[in-house]
């Protein structure tokens, strides 16, 4: 899929491709979610944080939801995509975006 995505980048604006990848995260198929997260991580690495449309904060919040996923491939892909974003910006910027999700993962449920 990465080769196909690299080919699409030649003809299609990456910032307009990002919403389609975010829609792919709504799928019930774990393989599709992990591939979309991998692709998002690769476009962040190649093109920077400007491709996250409409806002980087909203996109990172959506990706951070998958850190708690039971499927290992999806969880690792989400962590890798957020790591790529971390390399692009400072920790202070990402800290405000994902703080609530990390706290939810660390604290046990009160059921």
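Key figures
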{"quantity": "Residue order, fewest to most beta carbons within 10 Å, for 21, 79, 37, 52", "calculated": "79, 21, 52, 37"}
{"quantity": "Distance between the stretch 38-66 and the stretch 6-31 - C-alpha centres, whole angstrom", "calculated": "11"}
{"quantity": "Residues 44, 82, 8, sorted so that the one with the fewest Cβ neighbours within 10 Å comes first", "calculated": "8, 82, 44"}
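Taken together, the values in this text are just the output of simple stated rules run on the coordinates, not laboratory data. The shown structure was predicted, so the numbers you read here are calculated from the model rather than taken from an experiment. Cβ sites come from the backbone with ideal geometry, for glycine too, and all protein chains shown count toward neighbours.
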